[in-house]
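What follows is a set of notes on a single structure, which appears directly below.
Taken together, the values in this text are just the output of simple stated rules run on the coordinates, not laboratory data. Fair warning: this is a prediction, and the values are worked out from it, not measured in the lab. Don't worry about glycine lacking a Cβ; one is built from the backbone with ideal geometry, like all the others, and counts go over all protein chains shown.
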Amino acid sequence: MSGIMTAASEPSFVVPVLLLDISLLALLVVVAFAIVRMRSLFAIVMLQGVYSLVSAAWFVSLDAVDVAFTEAAVGAGVSTVLMLSAMLLADRKSTPVPMRRQLGALTVVIIAGAAMLYAVGDMPAFGDPNSPANSYVGMDFMAKTAEEIKIPNVVTAVLASYRGYDTFGEVVVIFSAGLGVLLLLGLNGNAGRWEAKPNGQVIKDRTAPSASQADAPQSDQPEMEAST
Amino acid sequence: MSDWFAQYNYIVVIILMMTGLYIVFSSRNLIKKLAGLSVFQTSLFLLYITIGKVSGGQPPILLEDKSYGKDGGGQSLLSGPVEVAAGDAAFILPGPGSDVLYSNPLPHVLILTAIVVGVATLSIGLALTVRIREVYHTIEEDEIEAADFVYNLEGTAD
C-alpha cells in the first residue's frame, strides 16, 4: 500500500475536471431548489429524473462508472417511470403549504445542516489517496482481486464475491418489495380505481381535482412489472 | 486552486441533502415527499462517491498488461483471427513501482446496493400512496387527517 502514497502524495486535479465538478454540482443545486418551488407533480417527478441523470454524469467524472450506469438506468429510468405511473393513479397537483407551516421544517433543516457543516473540517480532502476510507480495505480488494477472483472489474468482484451475502440480502429486499407492491395493488388492474369503504362508509371527495379522472378508462398498467 | 476546493464537494452535498430533507418535511403531498426522499438519497450517494475518489485515479477496473490486437513483438494481428481469452494476461496493479492509480471500489459497491434498495422502498411508498388515494381520494396529508377526524377512521371517537 505504500506505493499508492508515493504515487500521488498531493491531491492534484487538472482545472477542466474541477470545472466539470463545479458545474455539475451547481446544476444539481439548481434542480433541487426547483423541486422545492414546484407545485405540479409531473414537473417534480421529471426534475427528480433530471437530478438522477445529472448525478450519474457526475459519478462518471468521479470514476464511479458502475454507479453511474446503475443510477442512470435505475434512478433516472425505473424510479421515474414508477413515480409517473403512481402520479397517474393518484393526483397531478400538490396544494401549496403556507409559509408559516414550513418554518418548523426550515429550522430543523438549518440546524442539521449547520451541525454537518461544522463537521466538514474533519473530512479528508477531496481526492486524498491517504484518507482512511481509501487506505485499508478498499485497496486490499483492489490488490487481491487479480489473483483471487481473476476478473478485471473490481466493483463486480466485491459485489458478487467478497460481499456476496450483502448482494443476496439486496435481492431479498427487492423480492419483498415486489411482493409488498403486489399485495397492496393486486394483479387485476384495478389499482387506483377501487372504491374503498372503510367501516362501511364512503369517504366523499371534496377537493381532489383528479376525482373525475378515476372513473375514466386508463390505459396504463399498474406499476409493478418494472421493479421486479 | 485545489486547496480551495478540498472541502467544496462536502459543502455542496450537505446543501443538497438538506434540500431533500426540507422537501420531505415541508410538503404535505405524499408524492412530493417521496420525490424529496429520492433527492435526499441521491445526495447521500454523492457524499460516498466523493469520499472514494482518488485524485489522478481512474475507474476501478484493472488494466491488463497486454495490448489487444497485437502480438508480442507489437505486430498487428488484424490479418488473422484475434484470439482474446479472459484472464490470461497479468493485470496492472497499484503498488510500489506502478504508476497506475485506481479510485476506491468499496464506496461504489455500497452505493450500487443502496440505489437498488432505494428503488425497492420507493415502489413500496408509491404503492402505499395509491392505496391511500383509493380510500381518501386525496394524497394531501392535511385532507387525510381531516377525513380521519370527520369519518372517525382512527376509532378514537364513538
Note to self: C-alpha centroids of segment B:97-143 and segment A:69-136 sit apart, in Å, by 11 Å
Listed residue pairs exceeding 29 Å between alpha carbons, taken from B:LYS32/B:LYS53; A:LYS150/B:LYS53; B:LYS33/B:LYS53 | B:LYS32/B:LYS53; B:LYS33/B:LYS53
If the chain between A:ARG39 and A:GLU147 were fully stretched, how many nm would it gain, using 0.36 nm times the residue separation less the Cα-Cα distance?
-> 33.4 nm
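Name the chymotrypsin sites (Phe, Trp or Tyr not before Pro) in segment A:153-185 that are in a loop by DSSP and that have at most 15 other C-beta atoms within 10 Å, would you? It would help to have the intermediate numbers written out before the result.
Details: sites: A:TYR162, A:TYR165, A:PHE168, A:PHE175; in loops: none.
Here no chymotrypsin sites (Phe, Trp or Tyr not before Pro) fit, given the DSSP loop and packing criteria.
Enter the mean number of other protein chain beta carbons within 10 Å of the beta carbon of each residue in B:36-45, as an integer. Before the final figure, lay out each step's value.
On the way: counts 5, 1, 10, 11, 1, 3, 12, 4, 0, 10.
Mean partner shielding for this stretch: 6.
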